[in-house]
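The values are calculated or read from the model by the stated rules, or taken from the named source; none is laboratory data. The structure presented is a predicted model; accordingly, all values stated were derived computationally and were not measured. Virtual Cβ from ideal backbone geometry, glycine too; neighbours counted across all protein chains shown.
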Amino acid sequence: MIPADDRPRMLLVGGGGGLVGRAILREFAPTHRIRSVHRHPVAEETRLGVEWVRADVGGVRSWADLLEGCQLVVNLAWYRSGSARRFRPLADGLLRLTEEVAASPGVHRFVHLSVPDAPSHLEGELPYLYYKRRVDRAIEGTAAPYLILRPTMLFGRSDRLLTVMMRTMKRFGRFPMFGDGEYHVSPLASQDLAAIVRWELGGTPRRSLVLGGPERWRYRDLTDRMWSALGRPPRYWQLSPAGSRRIASLLEHLGSTLIYEYEVEWLLSDRLGPPPYEGLPRPLVRVAPFLDETAAQLQFRSDGSHHSGSPPKGS
Ligand SMILES: NC(=O)c1ccc[n+]([C@@H]2O[C@H](COP(=O)([O-])OP(=O)(O)OC[C@H]3O[C@@H](n4cnc5c(N)ncnc54)[C@H](OP(=O)(O)O)[C@@H]3O)[C@@H](O)[C@H]2O)c1
(Lines give C-alpha, C1' and ligand atoms only; values in the text may rest on other atoms or scores of the structure.)
Protein backbone atom coordinates (compact mmCIF):
# COMPACT_ATOMS: atom_id res chain seq x y z
CA MET A 1 0.00 0.00 0.00
CA ILE A 2 1.26 3.50 -0.85
CA PRO A 3 1.89 5.58 2.31
CA ALA A 4 -1.08 7.93 2.82
CA ASP A 5 0.91 11.17 2.36
CA ASP A 6 2.40 10.02 -0.96
CA ARG A 7 -0.90 9.26 -2.62
CA PRO A 8 -0.78 11.73 -5.48
CA ARG A 9 -4.40 11.83 -6.58
CA MET A 10 -7.48 13.26 -4.91
CA LEU A 11 -10.98 11.78 -5.14
CA LEU A 12 -14.11 13.70 -4.17
CA VAL A 13 -17.03 11.41 -3.25
CA GLY A 14 -20.59 12.65 -2.77
CA GLY A 15 -22.84 10.34 -0.73
CA GLY A 16 -20.13 7.88 0.22
CA GLY A 17 -21.77 6.83 3.50
CA GLY A 18 -23.51 3.70 2.20
CA LEU A 19 -23.05 0.38 0.43
CA VAL A 20 -21.31 1.69 -2.69
CA GLY A 21 -19.37 4.27 -0.68
CA ARG A 22 -17.82 1.52 1.44
CA ALA A 23 -16.72 -0.35 -1.69
CA ILE A 24 -15.33 2.80 -3.35
CA LEU A 25 -13.43 3.57 -0.16
CA ARG A 26 -11.82 0.11 -0.12
CA GLU A 27 -10.98 0.30 -3.83
CA PHE A 28 -9.51 3.81 -3.90
CA ALA A 29 -8.05 4.41 -0.42
CA PRO A 30 -4.73 2.74 -1.36
CA THR A 31 -4.15 5.08 -4.30
CA HIS A 32 -6.10 8.28 -3.61
CA ARG A 33 -6.58 10.85 -0.93
CA ILE A 34 -10.32 10.98 -0.40
CA ARG A 35 -12.60 13.89 0.40
CA SER A 36 -16.06 12.59 1.25
CA VAL A 37 -19.21 14.70 1.44
CA HIS A 38 -22.21 13.28 3.28
CA ARG A 39 -24.17 13.82 6.46
CA HIS A 40 -23.37 11.09 8.99
CA PRO A 41 -19.96 9.92 10.25
CA VAL A 42 -18.59 6.57 9.05
CA ALA A 43 -16.05 4.83 11.28
CA GLU A 44 -14.10 3.28 8.40
CA GLU A 45 -13.59 6.68 6.79
CA THR A 46 -12.14 8.00 10.05
CA ARG A 47 -9.90 4.94 10.34
CA LEU A 48 -8.58 5.40 6.80
CA GLY A 49 -7.91 9.11 7.23
CA VAL A 50 -10.61 10.28 4.81
CA GLU A 51 -11.33 14.01 4.87
CA TRP A 52 -15.02 13.91 5.76
CA VAL A 53 -17.04 17.05 5.02
CA ARG A 54 -20.32 16.93 6.89
CA ALA A 55 -22.78 18.36 4.36
CA ASP A 56 -25.97 17.71 2.46
CA VAL A 57 -25.03 17.53 -1.22
CA GLY A 58 -28.23 19.44 -1.96
CA GLY A 59 -27.15 22.27 0.33
CA VAL A 60 -23.71 22.89 -1.18
CA ARG A 61 -23.95 26.32 -2.85
CA SER A 62 -20.48 26.29 -4.40
CA TRP A 63 -18.35 23.22 -5.04
CA ALA A 64 -15.18 25.17 -5.84
CA ASP A 65 -13.41 24.57 -2.52
CA LEU A 66 -14.44 20.90 -2.44
CA LEU A 67 -13.22 20.35 -6.02
CA GLU A 68 -9.85 21.95 -5.26
CA GLY A 69 -7.08 19.51 -6.21
CA CYS A 70 -9.46 16.71 -7.30
CA GLN A 71 -8.85 14.65 -10.44
CA LEU A 72 -11.74 12.28 -9.89
CA VAL A 73 -15.31 12.96 -8.70
CA VAL A 74 -17.73 10.15 -7.85
CA ASN A 75 -21.34 10.92 -6.98
CA LEU A 76 -23.34 8.28 -5.09
CA ALA A 77 -25.77 10.48 -3.16
CA TRP A 78 -29.40 9.56 -3.65
CA TYR A 79 -32.36 8.60 -1.48
CA ARG A 80 -34.18 5.30 -1.81
CA SER A 81 -37.60 6.93 -1.65
CA GLY A 82 -39.34 10.22 -1.06
CA SER A 83 -41.33 13.06 -2.53
CA ALA A 84 -40.33 15.75 -5.02
CA ARG A 85 -39.67 18.05 -2.04
CA ARG A 86 -36.96 15.66 -0.93
CA PHE A 87 -35.39 14.94 -4.32
CA ARG A 88 -35.51 18.38 -5.93
CA PRO A 89 -32.90 20.06 -3.66
CA LEU A 90 -30.56 17.07 -3.99
CA ALA A 91 -30.90 17.13 -7.79
CA ASP A 92 -30.26 20.91 -7.77
CA GLY A 93 -27.09 20.38 -5.75
CA LEU A 94 -25.94 17.75 -8.24
CA LEU A 95 -26.74 20.03 -11.18
CA ARG A 96 -24.51 22.70 -9.59
CA LEU A 97 -21.80 20.07 -9.09
CA THR A 98 -22.13 19.02 -12.75
CA GLU A 99 -21.67 22.59 -13.99
CA GLU A 100 -18.68 23.19 -11.77
CA VAL A 101 -17.03 19.90 -12.71
CA ALA A 102 -17.43 20.79 -16.39
CA ALA A 103 -15.65 24.08 -15.69
CA SER A 104 -12.81 22.40 -13.75
CA PRO A 105 -10.04 21.32 -16.16
CA GLY A 106 -8.30 19.42 -13.35
CA VAL A 107 -11.13 16.87 -13.09
CA HIS A 108 -10.34 13.96 -15.40
CA ARG A 109 -13.53 11.99 -14.77
CA PHE A 110 -16.95 12.60 -13.23
CA VAL A 111 -18.52 9.27 -12.27
CA HIS A 112 -22.23 9.28 -11.47
CA LEU A 113 -24.29 6.35 -10.22
CA SER A 114 -27.66 5.92 -11.86
CA VAL A 115 -30.10 3.07 -12.41
CA PRO A 116 -31.35 0.88 -15.31
CA ASP A 117 -34.52 1.73 -17.24
CA ALA A 118 -37.81 1.47 -15.36
CA PRO A 119 -41.42 1.28 -16.60
CA SER A 120 -42.22 4.54 -18.42
CA HIS A 121 -44.83 5.86 -16.00
CA LEU A 122 -42.36 5.47 -13.12
CA GLU A 123 -39.73 7.25 -15.20
CA GLY A 124 -42.12 10.13 -15.73
CA GLU A 125 -43.90 10.36 -12.39
CA LEU A 126 -41.82 8.89 -9.58
CA PRO A 127 -39.66 11.64 -7.99
CA TYR A 128 -36.87 9.09 -7.38
CA LEU A 129 -36.58 8.51 -11.14
CA TYR A 130 -37.77 11.83 -12.54
CA TYR A 131 -34.99 13.72 -10.71
CA LYS A 132 -32.40 10.98 -11.28
CA ARG A 133 -32.95 11.30 -15.05
CA ARG A 134 -32.77 15.09 -14.83
CA VAL A 135 -29.29 14.75 -13.35
CA ASP A 136 -28.31 12.00 -15.83
CA ARG A 137 -29.35 14.17 -18.81
CA ALA A 138 -27.60 17.25 -17.44
CA ILE A 139 -24.36 15.28 -17.09
CA GLU A 140 -24.70 13.85 -20.61
CA GLY A 141 -25.28 17.39 -21.90
CA THR A 142 -22.10 18.92 -20.46
CA ALA A 143 -18.56 18.89 -21.70
CA ALA A 144 -17.46 16.99 -18.58
CA PRO A 145 -15.61 13.69 -19.14
CA TYR A 146 -18.33 11.67 -17.46
CA LEU A 147 -19.01 8.02 -16.75
CA ILE A 148 -22.58 7.14 -15.82
CA LEU A 149 -22.93 3.66 -14.34
CA ARG A 150 -26.41 2.14 -14.16
CA PRO A 151 -26.13 -1.07 -12.15
CA THR A 152 -29.01 -3.35 -11.33
CA MET A 153 -29.51 -4.67 -7.76
CA LEU A 154 -26.22 -4.52 -5.82
CA PHE A 155 -25.10 -6.83 -3.06
CA GLY A 156 -22.45 -6.58 -0.37
CA ARG A 157 -22.07 -6.91 3.36
CA SER A 158 -24.99 -5.27 5.24
CA ASP A 159 -26.79 -4.38 2.00
CA ARG A 160 -30.40 -3.36 2.19
CA LEU A 161 -31.77 -5.79 -0.39
CA LEU A 162 -30.51 -9.39 -0.31
CA THR A 163 -29.34 -9.28 3.32
CA VAL A 164 -32.64 -7.78 4.46
CA MET A 165 -34.59 -10.33 2.41
CA MET A 166 -32.71 -13.19 4.08
CA ARG A 167 -33.14 -11.69 7.52
CA THR A 168 -36.89 -11.46 6.85
CA MET A 169 -37.02 -15.10 5.71
CA LYS A 170 -35.17 -16.21 8.82
CA ARG A 171 -37.32 -14.16 11.16
CA PHE A 172 -40.77 -14.95 9.75
CA GLY A 173 -40.19 -18.37 8.16
CA ARG A 174 -41.99 -17.08 5.05
CA PHE A 175 -41.39 -14.52 2.34
CA PRO A 176 -43.74 -12.75 -0.07
CA MET A 177 -43.53 -13.97 -3.67
CA PHE A 178 -44.45 -11.09 -5.94
CA GLY A 179 -46.45 -12.48 -8.85
CA ASP A 180 -45.15 -15.64 -10.52
CA GLY A 181 -41.46 -14.95 -9.78
CA GLU A 182 -40.62 -15.59 -13.46
CA TYR A 183 -38.91 -12.21 -13.97
CA HIS A 184 -35.13 -11.82 -13.67
CA VAL A 185 -32.40 -10.15 -11.66
CA SER A 186 -28.63 -10.17 -12.20
CA PRO A 187 -27.13 -9.01 -8.90
CA LEU A 188 -23.77 -7.25 -9.05
CA ALA A 189 -21.33 -7.14 -6.09
CA SER A 190 -20.64 -3.63 -4.79
CA GLN A 191 -16.91 -4.51 -4.79
CA ASP A 192 -17.18 -5.30 -8.51
CA LEU A 193 -18.89 -1.99 -9.12
CA ALA A 194 -15.99 -0.18 -7.43
CA ALA A 195 -13.51 -2.21 -9.52
CA ILE A 196 -15.49 -1.27 -12.67
CA VAL A 197 -15.23 2.42 -11.74
CA ARG A 198 -11.43 2.10 -11.55
CA TRP A 199 -11.21 -0.01 -14.72
CA GLU A 200 -13.37 2.37 -16.76
CA LEU A 201 -11.17 5.33 -15.84
CA GLY A 202 -8.77 3.98 -18.45
CA GLY A 203 -11.54 3.77 -21.08
CA THR A 204 -13.36 6.23 -23.32
CA PRO A 205 -14.88 9.19 -21.47
CA ARG A 206 -18.54 10.24 -21.90
CA ARG A 207 -20.04 6.77 -21.54
CA SER A 208 -23.20 5.45 -19.93
CA LEU A 209 -23.24 1.75 -19.08
CA VAL A 210 -25.98 -0.53 -17.78
CA LEU A 211 -24.35 -3.13 -15.53
CA GLY A 212 -25.42 -6.63 -14.55
CA GLY A 213 -23.65 -9.25 -12.43
CA PRO A 214 -22.26 -12.57 -13.68
CA GLU A 215 -25.52 -14.56 -13.59
CA ARG A 216 -29.04 -13.73 -14.68
CA TRP A 217 -31.34 -15.39 -12.15
CA ARG A 218 -35.00 -16.11 -12.41
CA TYR A 219 -36.20 -14.25 -9.29
CA ARG A 220 -37.90 -17.30 -7.82
CA ASP A 221 -34.69 -19.35 -8.20
CA LEU A 222 -32.74 -16.67 -6.35
CA THR A 223 -35.17 -16.59 -3.42
CA ASP A 224 -35.17 -20.43 -3.38
CA ARG A 225 -31.37 -20.27 -3.22
CA MET A 226 -31.62 -17.92 -0.23
CA TRP A 227 -33.86 -20.41 1.58
CA SER A 228 -31.40 -23.16 0.76
CA ALA A 229 -28.53 -21.05 2.21
CA LEU A 230 -30.60 -20.69 5.37
CA GLY A 231 -31.10 -24.46 5.46
CA ARG A 232 -34.88 -24.22 5.15
CA PRO A 233 -37.42 -25.25 2.52
CA PRO A 234 -38.88 -22.29 0.57
CA ARG A 235 -42.16 -20.97 1.99
CA TYR A 236 -43.94 -18.10 0.31
CA TRP A 237 -46.94 -15.88 0.72
CA GLN A 238 -48.10 -16.05 -2.88
CA LEU A 239 -49.27 -12.61 -4.04
CA SER A 240 -50.77 -11.45 -7.32
CA PRO A 241 -48.96 -8.53 -9.03
CA ALA A 242 -51.68 -6.11 -7.86
CA GLY A 243 -51.64 -7.63 -4.36
CA SER A 244 -47.83 -7.32 -4.29
CA ARG A 245 -48.00 -3.61 -5.05
CA ARG A 246 -50.73 -3.11 -2.45
CA ILE A 247 -48.73 -4.89 0.28
CA ALA A 248 -45.57 -2.93 -0.60
CA SER A 249 -47.56 0.32 -0.55
CA LEU A 250 -49.07 -0.57 2.82
CA LEU A 251 -45.64 -1.38 4.28
CA GLU A 252 -44.34 1.89 2.86
CA HIS A 253 -47.16 3.85 4.50
CA LEU A 254 -46.45 2.11 7.80
CA GLY A 255 -42.89 3.44 7.60
CA SER A 256 -41.20 0.14 6.65
CA THR A 257 -38.07 0.32 4.47
CA LEU A 258 -38.24 -3.39 3.60
CA ILE A 259 -39.53 -2.83 0.07
CA TYR A 260 -41.17 0.03 -1.81
CA GLU A 261 -44.07 -0.18 -4.21
CA TYR A 262 -41.99 1.14 -7.12
CA GLU A 263 -39.33 -1.53 -6.44
CA VAL A 264 -41.96 -4.27 -6.72
CA GLU A 265 -43.24 -2.79 -9.97
CA TRP A 266 -39.71 -2.51 -11.35
CA LEU A 267 -39.01 -6.15 -10.45
CA LEU A 268 -42.25 -7.34 -12.03
CA SER A 269 -41.46 -5.40 -15.23
CA ASP A 270 -38.48 -7.75 -15.79
CA ARG A 271 -36.01 -4.91 -16.42
CA LEU A 272 -33.56 -5.76 -13.62
CA GLY A 273 -31.70 -8.63 -15.27
CA PRO A 274 -29.28 -6.86 -17.65
CA PRO A 275 -26.34 -8.83 -19.09
CA PRO A 276 -23.05 -9.00 -17.17
CA TYR A 277 -20.38 -6.34 -17.38
CA GLU A 278 -17.62 -8.08 -19.28
CA GLY A 279 -14.80 -5.55 -19.14
CA LEU A 280 -12.94 -6.57 -15.98
CA PRO A 281 -9.80 -8.67 -16.38
CA ARG A 282 -11.09 -11.09 -13.72
CA PRO A 283 -14.43 -12.87 -13.19
CA LEU A 284 -17.25 -11.03 -11.46
CA VAL A 285 -18.17 -12.15 -7.93
CA ARG A 286 -21.01 -14.69 -7.82
CA VAL A 287 -23.93 -14.16 -5.53
CA ALA A 288 -24.34 -17.73 -4.17
CA PRO A 289 -21.25 -17.68 -1.88
CA PHE A 290 -22.42 -14.31 -0.58
CA LEU A 291 -25.81 -15.82 0.28
CA ASP A 292 -24.12 -18.68 2.14
CA GLU A 293 -21.90 -16.28 4.03
CA THR A 294 -24.85 -14.03 4.91
CA ALA A 295 -26.84 -17.05 6.14
CA ALA A 296 -23.88 -18.07 8.34
CA GLN A 297 -23.66 -14.55 9.75
CA LEU A 298 -27.39 -14.48 10.51
CA GLN A 299 -27.06 -17.85 12.21
CA PHE A 300 -24.02 -16.67 14.17
CA ARG A 301 -25.88 -13.58 15.36
CA SER A 302 -28.99 -15.44 16.45
CA ASP A 303 -27.42 -18.24 18.46
CA GLY A 304 -23.88 -16.97 19.04
CA SER A 305 -22.44 -20.09 17.42
CA HIS A 306 -21.29 -20.99 13.96
CA HIS A 307 -20.81 -24.37 12.37
CA SER A 308 -17.13 -23.68 11.61
CA GLY A 309 -16.60 -22.34 15.15
CA SER A 310 -15.71 -18.78 14.04
CA PRO A 311 -17.60 -15.83 12.57
CA PRO A 312 -17.61 -15.79 8.77
CA LYS A 313 -15.59 -13.26 6.80
CA GLY A 314 -17.36 -10.23 5.29
CA SER A 315 -17.76 -9.89 1.55
N1 LIG B 1 -27.89 -0.32 -3.85
C2 LIG B 1 -28.32 -0.66 -5.06
O3 LIG B 1 -28.79 -1.80 -5.29
C4 LIG B 1 -28.20 0.31 -6.21
C5 LIG B 1 -28.53 -0.13 -7.50
C6 LIG B 1 -28.42 0.77 -8.56
C7 LIG B 1 -27.97 2.06 -8.34
N8 LIG B 1 -27.68 2.46 -7.08
C9 LIG B 1 -27.24 3.85 -6.88
O10 LIG B 1 -25.96 3.85 -6.27
C11 LIG B 1 -25.82 5.00 -5.44
C12 LIG B 1 -25.33 4.58 -4.06
O13 LIG B 1 -26.24 3.63 -3.56
P14 LIG B 1 -26.01 2.94 -2.15
O15 LIG B 1 -26.64 1.60 -2.25
O16 LIG B 1 -24.60 3.08 -1.69
O17 LIG B 1 -26.96 3.85 -1.27
P18 LIG B 1 -26.99 3.98 0.29
O19 LIG B 1 -26.41 2.76 0.94
O20 LIG B 1 -28.35 4.43 0.65
O21 LIG B 1 -25.97 5.18 0.53
C22 LIG B 1 -26.18 6.44 -0.03
C23 LIG B 1 -25.44 7.41 0.80
O24 LIG B 1 -25.69 8.70 0.26
C25 LIG B 1 -25.65 9.62 1.29
N26 LIG B 1 -26.64 10.65 1.02
C27 LIG B 1 -27.94 10.49 0.75
N28 LIG B 1 -28.50 11.69 0.56
C29 LIG B 1 -27.52 12.60 0.71
C30 LIG B 1 -27.48 14.00 0.65
N31 LIG B 1 -28.57 14.73 0.41
N32 LIG B 1 -26.29 14.62 0.86
C33 LIG B 1 -25.18 13.90 1.14
N34 LIG B 1 -25.16 12.58 1.21
C35 LIG B 1 -26.32 11.95 1.00
C36 LIG B 1 -26.01 8.89 2.58
O37 LIG B 1 -25.02 9.16 3.56
P38 LIG B 1 -25.35 10.16 4.76
O39 LIG B 1 -26.58 9.65 5.41
O40 LIG B 1 -24.12 10.14 5.61
O41 LIG B 1 -25.56 11.51 4.12
C42 LIG B 1 -25.96 7.43 2.23
O43 LIG B 1 -25.10 6.73 3.07
C44 LIG B 1 -27.19 5.69 -5.44
O45 LIG B 1 -27.13 6.76 -6.34
C46 LIG B 1 -28.13 4.62 -5.93
O47 LIG B 1 -29.23 5.17 -6.62
C48 LIG B 1 -27.76 1.61 -6.00
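Residues that are at pLDDT 95 or above and within 16 Å of Tyr277 (Cβ to Cβ), at least 3 per element: which helices (runs of 4 or more DSSP H) completely within segment 147-256 meet that?
Counting at least 3 such residues, we get 190-200.
Here's the yes/no breakdown for (1) within 11 Å of the ligand (Cβ to nearest atom); (2) surrounded by fewer than 22 Cβ atoms within 10 Å (Cβ to Cβ):
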site	(1), (2)
Pro151	yes, no
Arg157	no, yes
Leu162	yes, yes
Thr168	no, yes
Met177	no, yes
Gly181	no, yes
His184	no, yes
Pro187	yes, no
Leu193	yes, no
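One line per residue, one yes/no per condition, for (1) of a type in the set (Ser, Thr, Tyr); (2) touching a residue at least 12 places away in the same chain (Cβ under 8 Å); (3) outside the structural domain of Phe172 (by TED's automatic domain parsing):
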{"position": "Ala189", "(1), (2), (3)": "no, yes, yes"}
{"position": "Val197", "(1), (2), (3)": "no, yes, yes"}
{"position": "Thr204", "(1), (2), (3)": "yes, no, yes"}
{"position": "Trp227", "(1), (2), (3)": "no, yes, no"}
{"position": "Arg232", "(1), (2), (3)": "no, yes, no"}
{"position": "Arg235", "(1), (2), (3)": "no, yes, no"}
{"position": "Gln238", "(1), (2), (3)": "no, yes, no"}
{"position": "His253", "(1), (2), (3)": "no, no, no"}
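Suppose we filter Val74, Val57, Val37, Val50 for residues that are of a type in the set (A, V, I, L, M), more than 9 Å from the ligand (Cβ to nearest atom) and closer than 17 Å to Ser104 by Cβ; which single one remains?
On inspection, the qualifying residue turns out to be Val74.
Being without any contact (Cβ under 8 Å) to a residue 60 or more places away in the chain, within 24 Å of Pro205 (Cβ to Cβ), of a type in the set (Phe, Trp, Tyr) and surrounded by 14 or more Cβ atoms within 10 Å (Cβ to Cβ) narrows it down to one residue among Phe110, Phe87, Phe28; which is it?
It is Phe110.
Given the criterion more than 9 Å from the ligand (Cβ to nearest atom) and at positive phi, identify the matching residue among Gly15, Gly82.
The unique qualifying residue is Gly82.
Starting from segment 44-57, keep only residues that are closer than 17 Å to Glu68 by Cα, then list their pairs with residues that are surrounded by 13 or more Cβ atoms within 10 Å (Cβ to Cβ) and among the aromatic types (Phe, Trp, Tyr) whose Cβ atoms are within a distance under 6 Å, requiring at least 6 positions of separation or different chains.
none
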